[in-house]
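Read the structure below first, then the notes.
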Amino acid sequence: MKKQAEKRQVPDVDRLKEELKRERYKYRYMGMLRSTVSTLVVVAALAILVATLWMPVLQIYGSSMTPTLEEGQIVISVKGTDFQQGDLVAFYLGNKLLVKRVIAGPADFVSIADDGTVSVNGQVLDEPYVDELALGQCDLLFPYQVPDERYFLMGDHRATSVDSRSSVVGCVAEEQIVGRIVLRVWPLSQMGGIE
């Protein structure tokens with residue numbers, strides 16, 4: 001009988017306080033966990049929305065933009081429509097996403113000499129981003145006038161780049177352009193703006 005009485009004992013006040021404190025901690029912990037998870041979900045959704053609508057993130061494939069961009073690098077582009085000569089842009093060609101440099105805009109006249117020197121509207125371009133000039137794959141007759149609402153684009157590695165010099169690519173319509181490349185984010189050692 002004595003053992004049954006011991007089992008039925010009511011816990012003392014200190015034990016009750018300790019158990020209540022444990023329950024409060026558990027409730028607070030679950031609340032913080034829910035809050036943290038919901039915040040992370042919202043941040044991830046916003047990051048995906050921004051990356052999709054305003055600042056697409058792209059990985060570079062191929063060597064047509066060396067030395068400016070190397071294969072495997074990751075860059076951020078900004079959507080827009082006001083592209084200037086010298087801007088790097090990403091655009092769709094069929095189902096492929098390519099990156100090239102804007103050489104000329106709508107209604108400009110482009111000429112490329114046999115040695116690879118590029119002129120726009122009679123002015124020879126200063127192209128410090130090009131290591132060696134080359135005519136490359138070209139089936140156009142010069143001077144060539146860029147059609148309205150289109151851009152003449154070329155890769156920085158002129159000998160290997162297939163770009164607006166070839167009728168395979170041609171001049172790129174503004175609707176095909178995803179955005180202007182503004183920032184390299186990978187590798188971290190080369191992170192920074194792109195010119």
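Here, each number is a calculation from the coordinates, and none is a lab measurement. None of the values given here were measured: they were computed from a predicted structure. Note that we place each Cβ from the backbone using ideal geometry, even for glycine, and neighbour counts take in every protein chain shown.
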- Query: Using a Cα distance threshold of under 22 Å, what count of lysine pairs results for the chain when pairs must be 8 or more residues apart or interchain?
  - Reply: 4
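What is the sum of charges around Arg22, taking Lys and Arg as +1, Asp and Glu as -1, for the other residues whose C-beta is under 12 Å from the C-beta of Arg22?
Values: positive: Arg15, Lys17, Lys21, Arg24, Lys26, Arg28; negative: Glu18, Glu19, Glu23.
My count for the surroundings of Arg22 gives +3.
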- Over the chain: helical MRE at 222 nm, DSSP H runs n ≥ 4 each giving -39500 (n - 2.57), nearest 500: -8500 deg cm²/dmol
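Whole number please: convex hull volume per residue, Cα atoms of the chain, in Å³.
Hull volume over Cα atoms, normalised by residue count, gives 177 Å³.
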- Acute angle (nearest 10 degrees) that the helix 13-53 long axis makes with the longest principal axis of the chain, alpha-carbon atoms: 10
- GNM on the chain, Cα springs under 10 Å; top mean-square fluctuation among Met30, Met65, Met154 goes to Met30
- Taking the Cα centre of segment 57-193 as origin, sum charge times position over the Cβ atoms of Lys and Arg (+1) and Asp and Glu (-1), and report the length of that vector in debye to the nearest 20. 420
- Taking the chain as a Gaussian network, where each spring joins two C-alpha atoms under 10 Å apart, which residue of Leu16, Leu33, Leu141 fluctuates the most? Leu16
- Item | Residue with peak Gaussian network fluctuation, the chain [Cα springs, cutoff 10 Å], from Val182, Val43, Val75 | Val43
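Within a Cβ distance under 13 Å of Ser164, other residues only, what is the Lys/Arg minus Asp/Glu net charge? Mind dumping the intermediate values first?
Details: positive: Lys100, Arg101, Arg150, Arg158, Arg165; negative: Asp108, Asp139, Asp163.
Local net charge: +2.
Loop sites only, by DSSP: take the trypsin sites (Lys or Arg not before Pro) in the chain that have at most 16 other C-beta atoms within 10 Å and name the longest stretch containing none of them. List each step's numbers first, then the result.
Details: sites that count: Arg8, Lys79.
Longest run free of exposed loop sites: 80-195.
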